[in-house]
Amino acid sequence: MLKKDLTEYNFPEDLKGMSVKELELLSVNIRDFLISSVAKTGGHLASNLGAVELTVALHKVFDVPRDKIVWDVGHQTYVHKILTGRADQFDTLRQLGGISGFPKRQESPADVFDSGHSSTSISAAMGLAEARDLRGGTENIIAVIGDGAMTGGAAFEGMNNAGMRKTRMIVVLNDNAMSISQNTGSIARHLRRLRASQRYQDMKASVKKNIIRVPGVGDTLYSGLEHAKDLIHYAVVNECIFEALGFHYYGPVDGHSIVELTRILENSKRFNEPILLHVVTTKGKGYRNAELNPQRFHGIGPFKPETGQAVSAAAGPSYSKVAGETLVRLAEEDERVVSITAAMTDGTGLTPFAERFPKRFFDVGIAEQHAVSFSAGLALGGLRPFVCIYSSFLQRAYDQLVMDIGMQRLPVVFLIDRAGCVGQDGETHHGVFDLSYLTAIPGMTVLAPSSGTELMRMMKYALAAGDGPVAIRYPRGVAGEDIFPEVFAAPDEAKGFRLKRGAELVILSVGTMGPLALSAAELLKADGTAAQTVDVKTVKPLDTKMLASIGRKGLPVLTIEDNVITGGYGQDVQAFFSQGGYANRVHAMGWPDEFVGQGGTAELMAAYGLTAEAAYAHARALLGK
Ligand SMILES: Cc1ncc(C[n+]2csc(CCOP(=O)(O)OP(=O)(O)O)c2C)c(N)n1
């Protein structure tokens with residue numbers, strides 16, 4: 001029986017008794033709910049709209065939480081959340097204290113693996129399956145992975161291993177031909193061919209071979225199946241990469257047909273070996289605006305459902321836009337400039353570059369490790385690569401940063417977008433570790449602009465420098481105006497720091513923490529305390545001349561950074577003073593040693609004491625006031 005409101009169901013139990021017709025009508029209701037709900041909160045709409053029938057069928061066929069579904073990236077789990085009793089919490093989606101836009105084990109037993117970064121589902125599902133087998137369990141383990149996430153090398157590491165071990169697990173490949181933008185690469189081409197293949201064949205023989213192996217019940221199951229004649233069809237293609245990796249391949253299947261999906265999923269349960277079900281879906285399905293522009297509706301802020309228009313417009317160009325436009329200008333002047341993205345062309349502002357210089361632009365797929373080693377090769381080949389990756393995704397490529405770039409002192413420029421707190425995407429996406437992980441690499445120059453113009457100056461410098469890697473990190477959102485009088489100068493030319501007469505304390509703010517530092521200084525001034533503010537543009541190498549002159553005066557120092565305190569700029573300053581024998585007191589402000597959750601950036605900063613008021617209080621404490 002269909003109910004008026006999704007919150008009235010007792011999901012997933014209520015799904016079990018529903019007919020195909022009812023499941024189809026339910027899917028329509030879920031779509032309406034998704035559109036009106038995400039229009040208010042923002043979120044990953046297009047991917048979820050495309051996965052409605054697939055998720056309904058998964059929950060109809062499998063018994064969650066006993067059976068385990070591991071969602072790759074996890075941005076497409078809204079329907080799964082609705083079908084596991086969380087529809088009533090959707091007004092809190094991605095908000096401070098609300099439900100997450102990604103699977104969270106803490107949130108529900110139905111969420112078995114926390115994700116946010118791509119291509120990990122097959123490995124995690126394989127681990128769950130091998131653990132089940134060692135325990136003698138019988139539950140089904142399913143990984144759901146998109147064609148975009150399938151371009152990540154880690155997915156193949158998992159398949160390589162599971163295929164060899166013949167691990168009993170199901171991989172559902174949700175193929176909508178889209179990553180965030182059009183999916184690229186040979187895997188995408190291969191999937192296109194599989195999709196186009198019309199040569200279906202009865203999979204009876206294959207089912208028999210596999211079912212017969214199910215201990216105890218194989219024979220009975222098979223004869224039941226043979227009579228039922230509901231065997232899955234599969235495309236016979238001359239080459240199928242998944243079969244070469246040891247998986248049974250079935251598909252392509254219409255990912256919007258509840259009948260097809262439930263049948264293939266039901267049959268897949270009976271396999272005793274790894275199988276991959278190739279499901280074809282349409283990103284944004286059922287909402288015209290999203291179908292027409294799936295990229296824009298991949299991740300979107302609040303919008304008007306009738307028109308698809310954003311509720312509020314940005315107050316100015318973002319750092320990403322400044323970076324992309326500057327890169328076009330640099331490339332016009334210097335033909336060695338090339339740019340690389342790992343499936344984030346638009347997010348990193350590279351669309352104008354891709355259009356203007358298609359041959360010098362590389363979208364390598366969701367493959368950050370490859371992107372970094374590839375850029376090492378490009379640099380060795382005489383080019384000047386600018387690698388544009390979000391801070392949290394660059395974590396993937398740490399060894400490549402250390403060995404392939406840092407150790408070899410290659411002139412690669414990293415444009416590290418979404419550095420610092422990113423807001424609603426939460427702990428998987430906050431870029432709060434980069435200052436720590438980058439400054440640990442010998443020879444890496446690490447810069448943090450405090451305005452859009454500073455970013456431009458830094459990019460120009462990075463191209464001209466050319467004697468080692470340069471990382472420039474900047475946050476999500478609007479690039480501000482210059483707020484400090486000093487403009488960026490090359491680290492070795494940076495001079496001219498003078499302690500102001502009468503300064504009682506120095507506030508060193510990194511990059512975009514500048515406004516916070518200036519407000520704190522204002523509060524202190526009102527209290528009769530003279531604080532000198534410094535815009536720290538170069539995080540590494542440390543400005544030792546400046547620090548030594550502060551050290552000699554013994555002034556207390558407050559540092560503020562949009563990074564974890566551990567291993568950040570503040571701790572480098574502390575180490576400089578203590579190792580240099582200076583007695584300055586230092587208080588380091590930044591993110592604490594914990595995974596910071598989701599919420600508005602300002603809300604989170606307030607919750608974690610990254611405010612002008614908190615800075616004022618710390619400053620006074622340093623001065624013993
Ligand atoms: C390691 C990593 N790099 C980049 C991203 C950003 N990202 C999130 S979803 C996505 C596209 C995923 O495409 P697909 O798996 O096909 O899912 P779809 O949204 O099309 O359903 C990308 C690139 C990420 N989550 N993780």
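The values are calculated or read from the model by the stated rules, or taken from the named source; none is laboratory data. It should be emphasised that the depicted structure is a prediction, and the values quoted were computed from it without experimental measurement. Don't worry about glycine lacking a Cβ; one is built from the backbone with ideal geometry, like all the others, and counts go over all protein chains shown. For accessibility, only protein heavy atoms count, side chains too; no ligands or nucleic acids. Shrake-Rupley method; radii C 1.70, N 1.55, O 1.52, S 1.80 Å.
Data overview
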| read-out | value |
| --- | --- |
| Selection count, region 358-416, where residues are more than 14 Å from the chain's Cα centre (by Cα), under 20 Å from Gly152 (Cβ atoms) and among the charged types (D, E, K, R) | 3 |
| In region 13-42, the residues that are open to solvent by 20 Å² or more (accessible area, probe 1.4 Å) and not in a helix (DSSP H, G or I) | Gly17, Ser19 |
| Sole residue being open to solvent by 10 Å² or more (accessible area, probe 1.4 Å) and within 15 Å of the ligand (Cβ to nearest atom), chosen from Ala149, Ala177 | Ala177 |
| Close pairs (6 angstrom Cβ cut-off, 6 or more residues apart or separate chains): open to solvent by 10 Å² or more (accessible area, probe 1.4 Å) in region 273-297, more than 15 Å from the ligand (Cβ to nearest atom) and assigned to a loop (DSSP other than H, G, I, E, B) anywhere | Glu273/Lys166; Asn289/Gly308 |
| Gly127 surrounded by fewer than 20 Cβ atoms within 10 Å (Cβ to Cβ), away from the ligand (no atom under 16 Å from the Cβ) and at positive phi | no |
| Sole exception among (1) assigned to a loop (DSSP other than H, G, I, E, B); (2) touching a strand residue (DSSP E or B) at 6+ places or on another chain (Cβ under 9 Å) for Lys625, by number | (2) |
| Any pair with Cβ under 7 angstrom, 6 or more apart, that starts in region 417-437 at a residue that is under 21 Å from Pro317 (Cβ atoms) and open to solvent by less than 20 Å² (accessible area, probe 1.4 Å) and ends at one that is within 13 Å of the ligand (Cβ to nearest atom) and aliphatic (A, V, I, L, M) | Gly431/Val422 |
| Residue identified as open to solvent by less than 20 Å² (accessible area, probe 1.4 Å) and more than 26 Å from Arg189 (Cβ to Cβ) among Leu394, Leu380 | Leu394 |
| Test for Gly255: is it within 30 Å of Glu139 (Cα to Cα), at pLDDT 95 or above and touching a Ser or Thr at 6+ places or on another chain (Cβ under 8 Å) | yes |
| Matching residues in region 573-605 - criterion: being part of a helix (DSSP H, G or I) and crowded, with 21+ Cβ neighbours inside 10 Å | Val573, Leu604 |
| Every residue from region 516-547 that is open to solvent by 20 Å² or more (accessible area, probe 1.4 Å) and acidic (Asp, Glu) | Glu522, Asp527, Asp543 |
| Hits in region 455-488 (condition: open to solvent by less than 20 Å² (accessible area, probe 1.4 Å) and β-branched (Val, Ile, Thr)) | Val470, Ile472 |
| Any strands (runs of 3 or more DSSP E) falling wholly within region 338-446 and containing at least 1 residues that are among the hydroxyl-bearing types (Ser, Thr, Tyr) and within 16 Å of the ligand (Cβ to nearest atom) | 384-390 |
| Residue within region 326-334 that is more than 13 Å from the ligand (Cβ to nearest atom) and outside any helix (DSSP H, G or I) present | yes |
| Condition broken by Glu368, with the remaining ones in (1) more than 30 Å from Thr167 (Cβ to Cβ); (2) acidic (Asp, Glu); (3) surrounded by 18 or more Cβ atoms within 10 Å (Cβ to Cβ) satisfied | (1) |
| Residue match in region 107-116 (condition: away from the ligand (no atom under 14 Å from the Cβ) and crowded, with 24+ Cβ neighbours inside 10 Å) | yes |
| Residues satisfying the stated conditions in region 152-174, i.e. open to solvent by 20 Å² or more (accessible area, probe 1.4 Å) and not in a loop (DSSP other than H, G, I, E, B) | Gly153, Ala154, Phe156, Glu157, Asn160, Asn161, Met164, Arg165 |
| Considering residues of region 439-455 that are of a type in the set (A, V, I, L, M, F, W, C) and touching a Phe, Trp or Tyr at 6+ places or on another chain (Cβ under 8 Å) only, the residue farthest from Ala397 (Cα to Cα) | Leu455 |
| Scope region 43-89; condition away from the ligand (no atom under 16 Å from the Cβ) and assigned to a strand (DSSP E or B); matching residues | Lys68 |
| Single match in Ile550, Ile560 (criterion: farther than 18 Å from Thr439 by Cα, open to solvent by less than 10 Å² (accessible area, probe 1.4 Å) and modelled with pLDDT of 95 or more) | Ile550 |
| Matching entry among Ala323, Ala290 (being touching an Asp or Glu at 6+ places or on another chain (Cβ under 9 Å), not acidic (Asp, Glu) and not in a loop (DSSP other than H, G, I, E, B)) | Ala323 |
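Residue by residue, here is whether (1) in contact with a strand residue (DSSP E or B) (Cβ under 9 Å, 6 or more places away or on another chain); (2) aromatic (Phe, Trp, Tyr); (3) within 12 Å of Phe271 (Cα to Cα); (4) modelled with pLDDT of 95 or more holds:
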residue: Lys166; (1), (2), (3), (4): no, no, yes, yes
residue: Asn183; (1), (2), (3), (4): yes, no, no, no
residue: Arg193; (1), (2), (3), (4): no, no, no, no
residue: Tyr200; (1), (2), (3), (4): yes, yes, no, no
residue: Ser223; (1), (2), (3), (4): no, no, no, no
residue: Tyr234; (1), (2), (3), (4): yes, yes, no, no
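Every residue, every condition in (1) in contact with a Lys or Arg (Cβ under 6 Å, 6 or more places away or on another chain); (2) touching a residue at least 12 places away in the same chain (Cβ under 8 Å); (3) open to solvent by less than 30 Å² (accessible area, probe 1.4 Å); (4) of a type in the set (D, E, K, R), yes or no:
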{"position": "Phe62", "(1), (2), (3), (4)": "no, yes, yes, no"}
{"position": "Arg66", "(1), (2), (3), (4)": "no, yes, no, yes"}
{"position": "Asp72", "(1), (2), (3), (4)": "no, yes, yes, yes"}
{"position": "Gln76", "(1), (2), (3), (4)": "no, yes, yes, no"}
{"position": "Ile82", "(1), (2), (3), (4)": "no, yes, yes, no"}
{"position": "Ala87", "(1), (2), (3), (4)": "no, yes, yes, no"}
{"position": "Gly97", "(1), (2), (3), (4)": "no, yes, no, no"}
{"position": "Phe102", "(1), (2), (3), (4)": "no, yes, yes, no"}
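Rundown of residues vs (1) under 22 Å from Gly590 (Cα atoms); (2) part of a strand (DSSP E or B); (3) not β-branched (Val, Ile, Thr), yes/no style:
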residue: Tyr461; (1), (2), (3): no, no, yes
residue: Ile472; (1), (2), (3): yes, yes, no
residue: Ala489; (1), (2), (3): no, no, yes
residue: Lys500; (1), (2), (3): no, no, yes
residue: Leu508; (1), (2), (3): yes, yes, yes
residue: Val534; (1), (2), (3): yes, yes, no
